[in-house]
Amino acid sequence: MINITLPDGSVRQFESGVTAMDVAMSISEGLARNVLSAKVNGKVMDAMRPINADSDVQLLTWNDDEGKATMWHSSAHLMAEAVEQLYPGVKFGIGPDIENGFYYDIDFGDYNISDADFQKIENKMLELAREKQTYNREEVSKSDAKQYFTKKGDEYKLELIDELEDGQITFYKSGSFTDLCRGPHLPDTSPIKAVKVLSLAGAYWRGDEKRKQLTRLYGITFPKKKELDEYLEKLEEAKKRDHRKLGKELELFTFSQNVGQGLPLWLPNGAMVRERLEQFLKKVQKDAGYYPVITPHIGNVNLYKTSGHYDKYGADSFQPIKTPIEGEEFFLKPMNCPHHCEIYKSRPVSYKDLPLRLAEFGTVYRYEQSGELHGLTRVRGFTQDDAHIFCTPGQVKDEFKAVMAIVMKIFKALDFKDFIVQISLRDQEDRSKYIGSDENWDKAERAIMEVAEESGLDTIIEYGEAAFYGPKMDFMVKDALGRKWQLGTIQVDYNLPERFQLEYTGSDNEKHRPVMIHRAPFGSMERFVAVLIEHTSGKFPLWLTPEQAIILPISEKYQKYAEKVLKFLNNSEIRARIDDRSEKTGRKIRDAELKRIPFMLIVGEKEEENNTVSVRKQGEGDLGSFEMQQFVELIEKEIETALDTN
RNA sequence: GCCAUUGUAGCUCAGGGGUAGAGCACUUCCUUGGUAAGGAAGAGGUCAUGAGUUCAAAUCUCAUCAAUGGCUCCA
């Protein structure tokens, strides 16, 4: 007999070889029906795997993330089986579960699959799922595994097997499909009641663009049809918050083929939002001891040879522009740091001048691959809220912390709560991607790790994500569709000061090398505004929004009074306008609501008599009657609360 | 850059080898209306661009450009 400990601490005795499913059955049949897999001593495995020793067992259902993962991974196998039956001879890459569903990378050979095939695949999957196919685990020797896939002619699986150790290889069979797989899987296909093949995309085998491109089929499954419908509806809702859609509707920005791909044109509304963000940060930076600088949009090629950008990115940049007579070459600047280094060098620096903080909203141009461009989040010309802090090695930590405080201040002012702090370090295996000595890198990485530790923020570490000149701390947020984007970034750099031979005179009267901190709290104005649009679905905070209030006269008779109200608001620095169209009030309200104007001031006979305004808040409705000064105070208070970041 | 899909009025979209369609937006007129669409009339398009097939191309073919979903990349 063995002891099985359940999550509530209770212990039950079973014969050795009991399965998690048996355990579930002993509790209730209903529970057993919902079990997808089980966590045994912290490891997720098949509910049908025998347990031979005392163990902690947690039964996993659709309510557990791991349970969902099991279901989706099994669904990937089901989709593969359906595809194999419909298109015999296809070969399979990998088919994992992902955050929302699963995918399978498939080599369809000559067949040109398109989304017209989805329905057919879905129907086949449902048909197979109804057969209640069991997922059978089988341990196989390396040679048997290779023999199976050699016979099948699946070179992708053979490549995967080659990298596995003999004795560690398992197959899972379900219906007519056998896959090389670690598991775990569902007991059988019966929980899969609703399926959707979502999209298809090319995906390089093993993520290597030099290798063959397979077709990646994305899908998702649910135990209930209703849940699938809800999921699809949620996706539709998310699309409504897409910044590209809202950017058009609210007239924030646009693109023109005549200007060029990835080169955003900011419309007046968008420019107003962006300018206010810039003003906000400028004030914060002024208080934090930054000096503004301004540098040109191009720089001599030699500047980038010095910085190392030329070697690293020269071939993948917009190519240099040349002077007609001398033939001198200039790059559109892809970064502001080389220019700022030259500013540092413009005069001798004493340790008393440090930290020197040079800030610039610098527009940079990068040649991004055409397939990568995406609304305002990935563009070819964008403005960084850049600054470079030159300091002594001893000042690095305090400066780094001060920058983090600025990032937090901004996130708080804009109510960004959902962000990930990522520490991006060197690739542990391949160091050829980086410039600078190991010693400098170690110093920089250590500094960031220490600051992160002391900050108490939850951080994740990603190896291989560092910039080529130094490690960084990135602030990541998700967009409406769950895609992750990097916004703010703070980078510690010992390398560029060396390349540019930056120096300061210390108190010992000797020359020393400063350390550079690159930082951009917003990251890029374009990307930040994009994410802000999606997070607020276009309802910008009151202090940012282009129009804070709109005055809606009930009829032309109250136009004069409306003008009086407007004048009062303008004198109080409130951005407002009158909707003087010959439309009914209901219509004016509807249009203002759709334009996300925070406050609607309805004025008619009543208001004119009492010298008041009727206030309606966007998305909330009627707030009642206010005196003008009262309304101004309402707005001022809301802004003050939002910007009170201390 | 690669794979797939798409490109018709300012926007959202229907249509489809034989004279270009709708709703909204826009303009004018009527209406002066109290918390999410008042009414009428009008104007607006080389059907992304270029070539080819055809008596005839917005429609079929090819190329180019751009957009969308991914992959790779991201200083």
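For the stretch A:163-255, which GluC sites (Glu not before Pro) are in a loop by DSSP, counting at most 10 other Cβ atoms within 10 Å? Listed in order of number, the matching sites are A:Glu163, A:Glu165, A:Glu209. Dividing the helix sum by the residues of chain A, where each DSSP H run of 4 or more adds -39500 (n - 2.57), gives a mean residue ellipticity at 222 nm of -11000 deg cm²/dmol. In whole percent, and with a 1.4 Å probe on the protein chains, what portion of the accessible area of chain A is carbon and sulfur? Roughly 46 percent of what the probe reaches on chain A is carbon or sulfur.
Each part gets one Cα centre, and for the stretch A:442-458 versus the stretch A:1-31 those centres are 44 Å apart. With semi-axes defined as the square roots of five times the eigenvalues of the C-alpha gyration tensor, the equivalent ellipsoid of chain A measures 50, 38, 26 Å, largest first.
Computed on the Cα atoms alone, the convex hull of the stretch A:148-196 gives a volume of 116 cubic angstrom per residue. Normalised by 2.2 N^0.38 Å, where N is the number of residues, the alpha-carbon radius of gyration of the stretch A:1-139 equals 1.25.
Starting from the Kirkwood radius over alpha-carbon pairs of the stretch A:66-237, derive D by Stokes-Einstein at 4 °C in a medium of 1.567 mPa s and give it in µm² s⁻¹. Answer, rounded: 79 µm²/s. The magnitude of the dipole of chain A, with charges of +1 and -1 set on the Cβ of Lys/Arg and Asp/Glu and taken from the Cα centre, is near 1400 debye. Among the GluC sites (Glu not before Pro) within the stretch A:124-156, those in coil by DSSP and having at most 16 neighbouring Cβ atoms inside 10 Å are A:Glu131. The spacing between the stretch A:477-535 and the stretch A:169-238, judged by their C-alpha centroids, is 39 Å. Listed by chain and number, the lysines placed with their C-alpha closer than 18 angstrom to that of A:Lys345 are A:Lys305, A:Lys511; residues fewer than eight positions away on the same chain are left out.
Solvent exposure of the stretch A:2-61, expressed per residue, is 50 Å² of accessible area, with all protein chains present and a 1.4 angstrom probe. Farthest towards the positive end of the charge dipole of chain A, among the residues A:Leu356, A:Pro96, A:Phe253, is the Cα of A:Phe253, using unit charges on the Cβ of Lys, Arg, Asp and Glu.
Inter-part distance, the stretch A:593-615 to the stretch A:108-152, computed on C-alpha centroids, equals 64 Å. By the equivalent-ellipsoid construction on the alpha carbon gyration tensor, the stretch A:2-61 comes out with semi-axes of 15, 12, 11 Å, ordered largest to smallest. For the stretch A:66-237, the solvent-accessible area with a 1.4 angstrom probe is 50 square angstrom per residue. Per residue, the accessible area of the stretch A:312-358 comes to 57 Å², computed with a 1.4 Å probe over protein heavy atoms only.
The values are calculated or read from the model by the stated rules, or taken from the named source; none is laboratory data. No experiment lies behind these values; they were computed from the predicted model shown. For neighbour counting, all protein chains shown are included, and Cβ atoms are generated from backbone atoms with ideal geometry for every residue, glycine included. For the accessible areas, the whole protein counts, side chains as well, though only heavy atoms, and no ligand, DNA or RNA atoms are used. Shrake-Rupley method; radii C 1.70, N 1.55, O 1.52, S 1.80 Å.
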